[in-house]
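The values are calculated or read from the model by the stated rules, or taken from the named source; none is laboratory data. Note that the coordinates shown come from a computational prediction; the quantities given were computed from them, not determined experimentally. Note that we place each Cβ from the backbone using ideal geometry, even for glycine, and neighbour counts take in every protein chain shown. Quick note on the areas: whole protein, heavy atoms, side chains included, nothing else; ligands and nucleic acids left out. Shrake-Rupley method; radii C 1.70, N 1.55, O 1.52, S 1.80 Å.
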Amino acid sequence: MNRNPLFPCLLAAALVLTLAPAVAPAQSYPTRPVKIIVPTSPGGATDLFSRAFAPRLSQIWRMPVLVENRPGANQIVGAGHVAKSAPDGATLLISDASSFVMNPHLYKKLPYDGLKSFTPITVLVRFPWVIAVHPDVQADTLQRFAAIAKAKPGSIAYGSFGLGSSAHISVDYLKNLLEIDIMHVPYKGAGPALTALLTGQIQMMMVTPFLVEPHARGGRLKLLAAATARRIPGLPNLPTVAESGVPGYEAGTWFALVGPARMPREIVERIYDDTLEVLLDPFFREKYVTQQWFEVVGNTPAEFAQFLKSEYARWDVLIKLSGVTVE
């Protein structure tokens, strides 16, 4: 057989060209600064965690990773921006559950699909919630708070980080279970809502202990109950909502990292691997996870995709039970 002497080299080159698209995106990523969109105002838990997380990725990638706040419309503004971005990994989103599994049940004309418009990367952390009240509220227990609210319907206002947010839905669900009438005041993020609580503009809020526990220790707020299945280890003397007369009640949320839909698998895996490196770093976990009352999740993109589907169904039920409507 008359074989071309260049055939082995041509074959090797063909193999390289065939494999190159599969490895090149991950090897070269990122080729320019990466922007992490936070769909809430500065000062809230999502913003603070993102600003601790971004510099660590920047160190790994040797490329700037910038955090940009795009609050508005219960996180729809920021999430919608990412959904419309190019799927090249240059624009990512860190958001709580509202963007993905709550807003689709609340808004008829959402500018994106909660499950289809994003590429799941990982759930970063999950965290508990507590019920905090202003010191002027003459209640040290959830039972006493409910009694005051029943005696003076509409006299107590509670704040949330947005109309239709997870905090809004969770408190309205609790309100219905307790059969009390308290007024909802939405804010553009947990930071502004906390300021309103500290200044007495509102009287109650369901929020992460990271934002309110230091103020409770200083006497500027009071904690009534933990909205968790079991007592929070860092607050062993704080009873749960279930222990306070509402059996089975549990609330909380999580922060997730996603990109626009149709991101290349190799880039997703690169981002996931490097994100996991950050989350598992002992210093980062101690300072930005444990001390912030968070718990690392770090599930794989495939596991996160399945989790999103189950959360989508769960929040559909909770929203209907809460009676919350936004349109």
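Note that the range 178-245 shows a convex hull volume over its alpha carbon atoms of 103 Å³ per residue. Working from label points 7 Å from Cα in the Cα-to-Cβ sense, the residue 295 to residue 126 distance is 0.6 nm. Would you list which lysines come within 21 Å of residue 175, measuring only between C-alpha atoms, while excluding same-chain residues fewer than 8 positions from it? The qualifying lysines are 150, 152, 222, 320. Working note: Cα gyration tensor of the range 60-178, eigenvalues times five, square-rooted, sorted largest first, giving semi-axes of 36, 17, 12 Å. Size descriptors for the range 205-319, from the alpha-carbon set: Rg then Dmax equal 17.3, 50 Å. Computed from backbone phi, the HN-Hα couplings of the range 123-136 come to 7, 6, 8, 10, 8, x, 10, 10, 9, 10, 10, 5, x, 5 Hz, rounded to whole numbers (Karplus: 6.51 cos²θ - 1.76 cosθ + 1.60, θ = phi - 60°; Gly and Pro given as x). Can you bin the range 157-214 into rounded, prolate or oblate? Criterion: square roots of the alpha carbon gyration tensor eigenvalues sorted a ≥ b ≥ c, rounded for a/c under 1.5, prolate for a/b above b/c, oblate for the rest. Prolate shape, in that a/c is at least 1.5 and a/b is the bigger ratio.
Grab the Cα-Cα distance for residue 310 and residue 144, subtract it from 0.36 nm times how many residues apart they are, and report the gain in nm with one decimal.
The span from residue 310 to residue 144 would gain 56.2 nm if fully extended.
The helix-only estimate of mean residue ellipticity at 222 nm for the chain, built from DSSP H runs of length n ≥ 4 each weighted as -39500 (n - 2.57), is -12500 deg cm²/dmol after division by the residue total.
For residue 231 and residue 325, a Förster radius of 22 Å and the Cβ-Cβ distance give a FRET efficiency of 0.10, rounded to the nearest 0.05. Solvent-accessible area assigned to carbon and sulfur over the chain amounts to 57 percent, based on a 1.4 Å probe. For the chain, taking the reciprocal of the average inverse distance between every pair of different Cα atoms yields a Kirkwood hydrodynamic radius of 21.1 Å. Each of residue 183 and residue 269 was given a label point 7 Å from its Cα along the Cα-to-Cβ line. The distance between the two points is 5.6 nm.
Residues whose amide H comes within less than 5 Å of that of residue 67, counting only those at least five positions distant or on another chain, are 36 (H built at 1.01 Å from N in the peptide plane). Straightening the chain between residue 280 and residue 317 buys 9.9 nm, computed as 0.36 nm per residue apart minus the Cα-Cα spacing.
In order along the range 54-70, phi translates into HN-Hα couplings of 4, x, 5, 5, 4, 5, 5, 8, 6, 8, x, 10, 9, 9, 10, 7, 10 Hz, rounded to whole numbers, per the Karplus curve 6.51 cos²θ - 1.76 cosθ + 1.60 with θ = phi - 60° and x for Gly and Pro. The figure for residue 238 is an accessible area of roughly 20 square angstrom, using a 1.4 Å probe on the protein chains alone. Straight-line cross-link partners of residue 309 among the lysines, defined as a Cα under 16 Å from its Cα and at least 8 positions apart when in the same chain: 116. Per residue, the solvent-accessible area of the chain (1.4 Å probe, heavy atoms of protein chains only, all protein chains present) comes to 46 Å².
Counting every C-alpha pair in the range 73-143, the share spaced more than 16 angstrom apart comes to 57%. Couplings for the range 247-263, taken from phi via the Karplus curve 6.51 cos²θ - 1.76 cosθ + 1.60 with θ = phi - 60°, read x, x, 6, 8, 8, x, 8, 8, 9, 10, 10, 9, x, x, 4, 6, 6 Hz in order; Gly and Pro are left as x.
Computed on the chain, with alpha-carbon pairs under 8 angstrom and 6+ residues apart, the relative contact order is 26 percent.
Here the relative contact order of the range 145-265, from alpha carbon pairs under 8 Å that lie six or more residues apart, stands at 20 percent.
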